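The block underneath contains the structure these notes are about, expressed in structure tokens.
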Amino acid sequence: MPKIFISYRRKSWGFTHRLADQLRERLDADIFVDVDSIDQTDFESAIVNHLRNSDVVLLVISETTFADRIHRDDDWVRREIRETLEQKIPLALVCVEGLLPPSGLPEDIKEVSRMQGVNFYPDFFTPAVEKLIDFVSKVSPIRRRASTSLGISSAPAERSISSKTTLDEISLLMDSEDYDKAIFLLETLRDSGYTSRFFKLDEILETARKHAHEAERRRTAQIEYEDIVTVAKSRITRKQGLAAFRQWCNVYPDLVESLDTQILGALGRSVANTAKRPTSLELMSQPFAWIEIPAGKVTLVEGGYVPKGGQVFDVPNFVIAKYPTTNTQFAKFIEAGGYHEKKWWTDAGWQFKEDERRGEPRFWQERKWNQADHPVVGVSWYEAVAFCKWLSEFTGEKIVLPTEQQWQRAAQGDDNRIYLWGNKWDCHWCNNSVPLCRSYSTISVTHYEGKGDSPFNVVNMSGNVWEWCLTKFETGGSELNGEDIRIVRGGSWDNELVEDFYTTRRSSFSSNSWGNFAGFRIVLNAKKVPAS
């Protein structure tokens, strides 16, 4: 029988016991909770064996889960999290009252912060159980018992979901800025099938998420400001404190006036008026660099808008990112509210995001694809464009996707080479699935640096991920409007044919396509790299 392992602190036993009972009623699974499930004399071996044989692990997050003891190497909860991550067992967070893992966790378990979870609130326990069951069913072979009825609870204190009472409570929660609980109730109401002729529940949900993001950003800014004030108060460290405050003003120019209430008041107002936008070089996490590409010519092979026999294009000089955009860099867009600000999306892109209920790229929570220095995957052309528009607004620079002419120019140079590195194929010089070099996922964008670079030292243009271009396949245009087939270049980790890695290879995807083989790099519309 499939198994579920529940990791928890003793102080949350009451909650955990109730959760385990409801899961046993609803699922065809063996639920392991150490207090009542130990069947071996050796306590430690029993727990480790049960965990390793589990199909999914549930981590109950309460106020004591990440207490100081989590930093001790022998702490049991830490050991259970570490073992789960090392064994690559699916892990779901059970977030009591919406609590999440904090920052600053030990290195061996910090990835738990990227795992998906379900919020649990006492008054709406059973709807949360249903959400958790849906998640467990997606990531494991565990299935619901055929005899259970959805939404029925034996708990006498629990309220059922009704549109009237739920909408009333959502309104009160929104007014009191308790957005996390409001979002939970909105999602529960939506999943129950509720609709209205006069308003869209998803639009209200999007508004709640936007306000939740803004509130979290404000809380983060407040905490960071208080730390800076502490440093600036000391005569010895005042210089460092004021320098930090200037950086803080650059990041939060809209919050300076309302949050700068202590000793930095006068300085805060002057800096707010003169705050310099960060450049892309300052903002983007490493690895990141710009490469200047001189003007030249490229010959595109036939297909789409390119006529039979191919066509030669003049390419003015431009600046391109040295590496594909990484997960860490894309995370900045998400943290800035990228999936909640319509201004950064095309009309078709925003509609796609709404229809898909996107709040992050596909595969964003999957450890295989979300490593910090791997290229971001699971992004459509729309998401890549939204990232560029956000980065342009934040830095004041003109940042776009490359045209396919720019991409080929950066990859091929002046000698019409077949591959980035020359005219002889070597499967050990890029991430691919050609026989003898079978790959199973993306790798770091720097992995082949110095080995498979382009003539201009642009890195990772072959393999790893197909890279989105601005160019429309049918017309050759680079307009942002509409739903079109767009050019992709470079081949991916999943490609098995050598010709997919030619510098001239042209392929195309629908702009709403996404996959674990598609990513992007960016171009700066300037002749020179700006000074940082």
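The table below gives the values:
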{"read-out": "³J(HN,Hα) computed for each position of region 303-311 - Karplus, 6.51 cos²θ - 1.76 cosθ + 1.60, integer Hz, glycine/proline x", "value": "x, x, 6, 8, x, 4, x, x, 8"}
{"read-out": "MRE, 222 nm, helices only [DSSP H, n ≥ 4, -39500 (n - 2.57), over the chain, to nearest 500]", "value": "-11000 deg cm²/dmol"}
{"read-out": "Residues with amide H under 5 Å from that of GLY476, placed H, sequence gap 5 or more", "value": "TYR305"}
{"read-out": "Neighbour net charge for GLU474 - beta-carbon separation under 14 angstrom, K R +1, D E -1", "value": "-2"}
{"read-out": "Whether region 20-110 is rounded, prolate or oblate, judged on the alpha carbon gyration tensor where a/c under 1.5 counts as rounded", "value": "oblate"}
{"read-out": "Assigned charges on the beta-carbon of Lys, Arg, Asp, Glu; region 3-139 dipole about Cα centre (debye)", "value": "280"}
{"read-out": "Backbone HN-Hα couplings from phi across region 436-442 [Karplus 6.51/-1.76/1.60, Hz, Gly and Pro as x]", "value": "5, 10, 4, 9, 10, 5, 5"}
{"read-out": "Dipole moment magnitude, nearest 20 debye, the chain about Cα centre, only Lys, Arg, Asp, Glu C-beta charged", "value": "1080"}
{"read-out": "Flagged links, alpha-carbon separation over 32 Å, of LYS322/LYS342; LYS3/LYS210; LYS353/LYS472", "value": "LYS3/LYS210"}
{"read-out": "Interchain or long-range residues, amide H under 5 Å from LEU470's placed H", "value": "THR403, GLU404"}
{"read-out": "Whole-Å distance, taken between Cα centres, linking region 91-122 and region 408-468", "value": "37"}
{"read-out": "Leading residue at positive end of dipole, region 3-139 (Cβ point charges), from TRP13, VAL139, HIS50", "value": "VAL139"}
{"read-out": "Ranked packing of 328-341, 452-465, most packed first, by mean Cβ within 10 Å", "value": "452-465, 328-341"}
{"read-out": "Dipole of the chain, positive direction: furthest Cα of LEU300, PHE318, LEU85, with charges on the beta-carbon", "value": "PHE318"}
{"read-out": "Point-charge dipole on Cβ atoms (K/R +1, D/E -1) for region 419-532, about Cα centre, debye to 20", "value": "360"}
{"read-out": "Nonlocal amide H pairs with LYS3, under 5 Å, H built at 1.01 Å", "value": "ASP30, ASP55, VAL56"}
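Read-outs: derived from the displayed coordinates by stated rules, not from any lab. A quick note: this is a predicted structure, and the numbers were derived from the prediction, not measured. Note that we place each Cβ from the backbone using ideal geometry, even for glycine, and neighbour counts take in every protein chain shown.
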